[in-house]
């Protein structure tokens, strides 16, 4: 899925305008990319409220850094990279707050029951739920691959990782997801 199809000004021109303080260019850029960036962040941080906060921080970074895109990566990759780095930074800060035993005991297990009858729609929701149960390292690899249809190279650019690391993590993430699907009573591997 490419984000800039069908719009009037190319992303590069919009970023040039943003770098010069053009609010209309910023508005058009945000309208073009804000939804998909928010969807990515919501899946990455596992929560709408936190995703909104991270999105606000990322949008400020976009405003401040619009003139710094050097053309080494696509605008979409650059944008998701900013969002990813903001999300990881926020999650690191949140780890400093330890959960007490009573709070952790009160968290419900959202795992689907093994007797789920999976339809195409049900499978989509099941996959979303299971991906959210993966570690951050695995989620941050699978989400852009499955939801944004990013290539290994694009994911490597967004996460600032070597392509080999992305490939390895993707393999382990798919194995873990397959195990979760098996535990949920759904047979078969994820391609």
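The values are calculated or read from the model by the stated rules, or taken from the named source; none is laboratory data. What you are looking at is a predicted structure, and each value in this text was computed from that prediction instead of being measured. Here the Cβ positions follow ideal geometry from the backbone for every residue, glycine too, while neighbour counts run over all protein chains shown.
Some observations on this one:
- Note on region 44-67: among residues that are within 26 Å of residue 126 (Cβ to Cβ) and either at pLDDT below 85 or touching a strand residue (DSSP E or B) at 6+ places or on another chain (Cβ under 9 Å) (or both), the one that is surrounded by the most Cβ atoms within 10 Å (Cβ to Cβ) is 44.
- Residue in region 94-114 that is surrounded by 15 or more Cβ atoms within 10 Å (Cβ to Cβ) and at pLDDT below 75 present: yes
- Within region 27-37, being surrounded by fewer than 19 Cβ atoms within 10 Å (Cβ to Cβ) and either assigned to a loop (DSSP other than H, G, I, E, B) or in contact with a helix residue (DSSP H, G or I) (Cβ under 8 Å, 6 or more places away or on another chain) (or both) holds for 30, 34.
- Each residue in region 22-49 was checked for being free of Cβ contacts under 8 Å to residues at least 12 places away in the same chain and under 17 Å from the mean Cα position of the chain (by Cα), and 5 pass.
- Scope region 143-157; condition under 15 Å from residue 44 (Cβ atoms) and either at pLDDT below 85 or not in a helix (DSSP H, G or I) (or both); matching residues: 143, 144, 145, 146, 147, 148, 150
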